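What follows is one structure encoded as structure tokens, with my remarks underneath.
Each reported figure results from applying straightforward, stated rules to the coordinates on display, with no laboratory input. Note that the structure is a prediction, hence the values are computed from the model and not measured. Please note: Cβ atoms are built from the backbone with ideal geometry, for glycine as well, and neighbour counts cover all protein chains shown.
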Number of protein chains: 2
Amino acid sequence: MRIALAVGWWRIARAKIAHTKFVRNLICRPLLSVDSPDIWKINPGSSSHFSSHPSSNFSASNEKIGVVLDGKLIANDLKSRIAGEVNEMKKAIGKTPGLGIVLVGERRDSHTFIRTKVKACNEVGIVSVVAELPNNSKEGDICDAVSRFNDNPSVHGIIVQLPLPKHLDEEKIMNVVSVEKDVDGFHPLNMGNLAIAGREPLFIPCAPKACLELLLRYGMDLRGKKAAVVGRSKIVGLPTSLLLQRHQATVSLVHAFTGNPEKVTCQADIVVSDVGTPNTIRGHWLKPGAVDPKRSSGYRLVGDVCYDEAIKKVAAITPVPGGVGPVTIAMLLSNTLDSAKRCYDFT
Amino acid sequence: MRIALAVGWWRIARAKIAHTKFVRNLICRPLLSVDSPDIWKINPGSSSHFSSHPSSNFSASNEKIGVVLDGKLIANDLKSRIAGEVNEMKKAIGKTPGLGIVLVGERRDSHTFIRTKVKACNEVGIVSVVAELPNNSKEGDICDAVSRFNDNPSVHGIIVQLPLPKHLDEEKIMNVVSVEKDVDGFHPLNMGNLAIAGREPLFIPCAPKACLELLLRYGMDLRGKKAAVVGRSKIVGLPTSLLLQRHQATVSLVHAFTGNPEKVTCQADIVVSDVGTPNTIRGHWLKPGAVDPKRSSGYRLVGDVCYDEAIKKVAAITPVPGGVGPVTIAMLLSNTLDSAKRCYDFT
């Protein structure tokens with residue numbers, strides 16, 4: 001997974017403080033309950049009646065050393081909390097959360113991802129079951145494997161490792177996953193509930209949830225910030241754009257058809273990149289714009305690639321590996337635990 | 001409804017030609033089947049490897065007289081086509097599309113909207129049934145009214161006129177509407193399927209569909225264009241942003257927490273405005289940016305208000321009334337017809 005996340009300078013001072021404290025001061029922040037009514041404050045004639053430009057929060061020293069958002073640290077903390085809750089559940093009601101994994105074919109990367117996920121389950125006490133199917137499986141065989149997990153009361157979350165072999169209809173197979181066990185959050189009902197303000201999906205996709213966790217843990221206030229999400233897959237880009245919107249960020253979704261995408265990213269306070277193609281995000285996407293001196297001194301975020309270039313320009317960045325990836329895995333565990341808690345009405 | 005839509009100069013020449021021809025050359029364009037794979041063409045070192053800036057399409061004369069996108073004309077054309085199909089269905093299988101309308105309380109604007117919708121149904125031969133409930137109705141009463149429409153085989157579309165009186169739980173009531181009859185397209189499953197590339201919702205919300213119809217009828221190519229959607233309601237802003245994304249536009253969703261929203265709208269080729277508060281979009285949101293001379297001569301779109309100011313600055317604009325509104329009503333009829341056709345497997 002090549003997701004990367006970087007944030008502008010405006011929170012650098014606070015982020016440094018937060019960094020030292022956040023492990024001690026863990027708060028289980030709800031990632032969605034931030035809906036605020038859209039009340040448009042109109043002050044005719046004034047162009048500054050909306051929230052002030054965040055440039056006013058620049059650190060006085062303006063020292064440009066990017067903070068590396070430590071995904072491993074956050075993931076370990078999340079996992080230790082999840083392990084505690086799994087243990088409590090076992091003691092209290094004798095139940096253990098279970099994750100059903102459908103793995104089709106021989107792709108080496110898919111097998112590596114699944115090994116990582118199974119290992120993470122083991123670490124926190126979640127039971128994982130992998131249904132492995134050969135590359136030449138028929139659609140029906142895979143749907144059957146998913147259905148068996150749907151019907152299995154000890155399985156609370158189901159993931160189908162993507163991508164599937166090309167001869168298979170991904171949509172048809174994903175449609176079989178019960179919405180109550182859709183811990184990847186890819187079901188259109190979960191996506192729709194993520195999109196619509198005031199509604200709550202049963203599950204938020206893991207990678208966007210991880211991005212938000214990183215931003216919030218480092219004390220970043222997203223309200224009114226400009227965010228550019230590069231890539232619009234249902235796994236990362238699309239749901240990240242929706243989740244950032246729910247947090248009152250102004251989101252631009254950049255994709256392969258975007259003209260001059262670097263002009264969008266250059267203006268953004270937060271850039272989440274999930275292009276999946278190396279070297280897409282070039283150094284010049286991060287260049288200080290020649291437009292506005294205020295803006296030229298900060299607010300750049302970068303990801304995916306050109307890490308060495310980016311670290312010198314951004315306020316904070318996630319490394320690859322060790323950034324969004326480990327937190328994404330932790331969020332899968334978290335979603336599976338949540339599902340089990342919901343299933344047994346255990347709080 | 002205060003939706004407005006305006007587009008930049010780049011298509012002005014073609015729009016004028018299209019305007020005279022489009023009624024004769026009606027094509028039933030699929031509003032969703034435009035998904036293209038996101039193939040990122042990487043050309044390291046070049047900042048212009050994406051689609052060329054639309055400024056290259058400026059009309060030579062650069063004459064700034066905004067074309068008024070005539071919603072009434074398009075709506076009439078759509079309605080005459082729908083009437084023809086309703087008639088054909090009646091002749092062929094003896095069935096007529098039916099729309100069930102739930103109207104709660106005494107709001108004058110809601111009653112006006114419903115009268116307009118009922119009149120439009122009559123014009124095309126769709127049967128409409130209005131369930132009127134008093135302002136002090138209980139949630140259960142309204143849910144029952146919706147359920148009766150769900151169970152009625154001669155009702156193919158159901159709308160609940162919003163807003164509902166404040167004591168009622170809108171989400172709970174809307175959840176009762178069968179997804180197969182959700183002609184407003186507000187069901188999270190429809191919204192999720194609109195959001196996810198490659199999927200097709202059963203219904204696209206009517207106002208976004210109307211905006212796209214206006215843009216496409218006037219021959220505008222949305223691929224790679226910058227769009228700013230102002231407002232993010234589930235009725236207009238959110239689904240419009242999703243639909244424009246499906247058409248390969250680069251969308252920024254502006255809301256009440258957006259800092260300096262005029263900076264976003266000034267850069268957009270298309271602005272869809274659905275703020276609902278008069279005078280939110282001021283003249284200075286449309287000012288030529290002092291940034292880039294190429295951009296300063298065009299690409300502004302505006303809506304909602306300051307129509308007299310806007311018409312002099314934009315390439316094309318929808319009036320209020322007579323713009324998006326009538327097409328939105330026509331789209332409700334179209335969705336109801338589609339639902340009936342799906343129900344009877346009638347093509």
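Where does the charge balance sit around A:GLY100 when Lys and Arg score +1, Asp and Glu -1, over other residues with C-beta under 13 Å from its C-beta?
-3
Averaging sequence separations of C-alpha pairs under 8 Å and six or more residues apart, then dividing by the length of the range B:94-179, give the relative contact order as a whole percent.
With pairs under 8 Å counted, the relative contact order is 42 percent.
Other chains' Cβ within 10 Å of B:171-184 residues: what's the mean?
If you average over the peptide's residues, the count of other-chain Cβ atoms is 1.
In nm, one decimal, shortest first: how far is the label point of A:ARG108 (7 Å from Cα along Cα to beta carbon) from the matching points in the other copies?
7.3
Would you tell me the mean number of C-beta atoms belonging to other protein chains that fall within 10 Å of each C-beta in B:244-250, as a whole number?
4
Take peptide B:192-203, look around each residue's Cβ out to 10 angstrom, count Cβ atoms belonging to other protein chains, and average those counts.
5
Taking +1 at the Cβ of each Lys and Arg and -1 at the Cβ of each Asp and Glu, which of B:ASN136, B:PRO97, B:VAL146 sits farthest along the dipole of the range B:94-179 towards its positive end, judged by Cα position relative to the Cα centre?
B:PRO97
Counting other beta carbons within 10 Å of each Cβ, put B:MET220, A:MET89 in order, fewest first.
Ordered by Cβ neighbours within 10 Å, fewest first: A:MET89, B:MET220.
Listed highest first by mean packing, meaning other Cβ atoms within 10 Å per residue, what order do B:107-118, A:262-273 come in?
Per-residue Cβ counts within 10 Å, averaged per peptide and sorted highest first, yield A:262-273, B:107-118.
Find how many whole Å separate the alpha carbon centroid of the range B:200-260 from the alpha carbon centroid of the range A:76-135.
What the calculation gives is 39 Å, centre to centre.
Given label points at 7 Å from Cα along Cα→Cβ, what nm distances, shortest first, separate A:VAL130 from the same residue in every other copy?
Nearest first, the other copies' label points are 6.2 nm away.
So what J values fall out for the range B:328-333 if you push phi through Karplus, 6.51 cos²θ - 1.76 cosθ + 1.60 with θ = phi - 60°, rounded to Hz, Gly and Pro as x?
The phi angles translate into 4, 4, 4, 5, 5, 5 Hz.
Normalised by the residues of the range B:80-228, what does the relative contact order come to in percent, with Cα pairs under 8 Å and at least six apart?
Once divided by the residue count of the range B:80-228, the mean separation gives 20 percent.
Treating the point 7 Å from Cα along Cα-beta-carbon as the label, what are the nm separations from B:LYS166 to the other copies, to one decimal?
Shortest to longest, the spacings are 5.9 nm.
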